[in-house]
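Written out below as structure tokens is the structure these notes cover.
Since every read-out is calculated from the coordinates, none of them should be taken as a lab result. Treat the numbers as computed from the prediction; the structure is a model and nothing was measured. Backbone-built Cβ (ideal geometry, glycine too); neighbour counts: all protein chains shown.
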Amino acid sequence: MKKYNSLIEIQTLLHSKALLLPDLLDYYFAQIEKNKDLNAFNEVFFDSAKTQAKQVQEKINKGIAGKLAGLVIGIKDNICYQGHQVSASSKMLENFVSPYSATVVQRLLQEDAIIIGRCNCDEFAMGGSNETSFYGAVKNAANPQRVSGGSSGGSAVAVQADMCLASLGTDTGGSVRQPAAFCGVIGLKPSYGRISRYGVIAYASSFDQVGTFTSSISDAALLLEVLAGADEFDSTVASLPVQNYTQNLQDTSKKKIAVLKETIENEALDAEIKSSILQTIEKLKAQGHTVDYVDFDLLDYLVPTYYVLTTAEASSNLSRYDGVHYGHRNLEAKNLNDLYKTSRAEGFGEEVKRRILVGTFVLSAGYYDAYYQKAQKVRRMIKDKMDSIFQEYDFVLSPVAPTVAFPIGEHEKDPIKSYLADIYTVLANLAGIPAISLPIGTDHQNLPLGIQLMANSFQEQALLAFAKNIS
Ligand code: GLN
């Protein structure tokens, strides 16, 4: 079977009966088996996916199938699917079975997507290389010595190596866009509040957002159309109407694009990424769009602000894993205090513990004003700055990451190095705006290169339509 790049191709074949859904599913199972050394899946849902394939095929035969019929999708292992294990790639949640489904899962199933399995990720989505996973690193299909990126590394590689047509990830500070760039696929992070977080294991609740990995813009648009919109279980979801993203992908009007000067004129930026971005800028200008360089003097504040606020939120969110409610429990503990301490010490990995400690510190009396509150103020300044840029410009263009996929192990001993690598992605989460990572070729080692496009809040439709000019 050949690689399909969009659901439209698959649906055409399904409707003409040139392709049967159970056969398509078998193809993806075979791809997963063939690529199992890449470690993209923590579990393949053989039984439920096969049952679904049969049911959806019957619906197709009767002409009553949903919008996503024919879509075989992987979900990041921090998204709950009723009756299936969900671990956040942590020992803490080993063997935990979810009693309910996330809203995003429900919406996928309602439209007849087939969920093929849960994808490996950094532990509790904390990381940028998938190396903090309790289940080991995910390898990049372009070069298995290299990282997949993270934290949704398994989701990215699953699409890259054609183990499923699309996948879901979550993006708190770049976890969809950076692995998408490292793997040469399309990664969309919608605006904060566009998609429900209900049933998504929380990392930093004022940043977390579900995003998609696809090989086509049309699939990104279709998934967003299905997943977005109000949800009675998540009060942070906007009640704004969901647009017909797929119907409006043609836009030939001329746009104004801002390039944040400091993101390009940056010594940390890989030379080949820089030159391919400059080429893209020339291409856009040749198409008649306006591209201006604008000052962005807040660049150095992004990473510190992000890490103060997200660790604070994480320390609070992760307090629920106490060995009592659910998750790993130390059975030898002699008293309650001991139970908490030993269960948490054994269940969490090193990076998660580091973040809980930092988060507890920045929230503690005496440091709250100096760190947490200050970071909240800086977040507001960042948001204001982006608002003022979007008064004049339609989009902001920047790199996704300073480097291409780096060798496995390179960041292991130096957490600061990995935090600094988030410099270009955390901006969209701090400001709550939508952003997309688009593949723009490969470097001299054949490693994928990416570019990032951001838009003002809830401008996903314009973003997707414009992205078609680049990808
Ligand atoms: N790399 C970032 C971090 O480690 C982003 C993670 C994410 O978006 N989940 O926090």
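If packing is taken as the average number of other Cβ atoms within 10 Å across a peptide's residues, how do 190-199, 245-254 rank, most packed first?
The densest-packed peptide leads the list: 190-199, 245-254.
Using each residue's phi in segment 233-248, evaluate 6.51 cos²θ - 1.76 cosθ + 1.60 at θ = phi - 60° and report the 3J(HN,Hα) Karplus result to the nearest Hz, with x for Gly and Pro.
Running phi through 6.51 cos²θ - 1.76 cosθ + 1.60 with θ = phi - 60° gives 8, 9, 6, 8, 7, 5, 8, 4, x, 8, 7, 7, 4, 6, 7, 10 Hz.
Calculate one ³J(HN,Hα) per residue across segment 450-465 by plugging θ = phi - 60° into the Karplus curve 6.51 cos²θ - 1.76 cosθ + 1.60, and present them in order as whole Hz with x for glycine and proline.
x, 9, 10, 10, 10, 9, 6, 3, 6, 9, 4, 5, 5, 4, 5, 5
Through the Karplus equation 6.51 cos²θ - 1.76 cosθ + 1.60, θ set to phi - 60°, convert the phi angles of segment 5-14 into ³J(HN,Hα) values in whole Hz; use x for Gly and Pro.
9, 8, 5, 4, 4, 5, 5, 4, 5, 5
Figure the gain on full extension for residue 334 and residue 282 (residue separation times 0.36 nm, minus the Cα-Cα span) and round it to one decimal in nm.
12.0 nm
So which lysines can residue 59 reach, going by Cα to Cα under 16 Å and dropping same-chain residues fewer than 8 places off?
Of all the lysines, those that pass the test against residue 59 - Cα under 16 Å, at least 8 places apart if same chain - are 17, 50, 67.
Ranking 6, 235 by Cβ neighbours within 10 Å, fewest first, what do you get?
235, 6
Going down the table (76/341; 261/383; 353/413), which pairs top 24 Å between alpha carbons?
Flagged as over cut-off: 76/341.
Could you name the lysines whose alpha carbon sits less than 23 Å from that of residue 254, not counting residues in the same chain fewer than 8 places away?
283, 285, 468
Write down the percent of antiparallel bridges among all DSSP beta bridges whose residues are both part of the chain, to the nearest 5.
Restricted to the chain, the bridges split so that about 65 percent are antiparallel.
So for 301, 81, fewest C-beta neighbours within 10 Å to most, what's the order?
301, 81
Which ordering of 27, 367 is given by a fewest-first count of other beta-carbon atoms within 10 Å?
367, 27
Can you give me the long-range amide H partners of residue 259? Hydrogens built in the peptide plane at 1.01 Å from N, cutoff under 5 Å, separation of 5 or more residues or another chain.
292, 293, 294, 397
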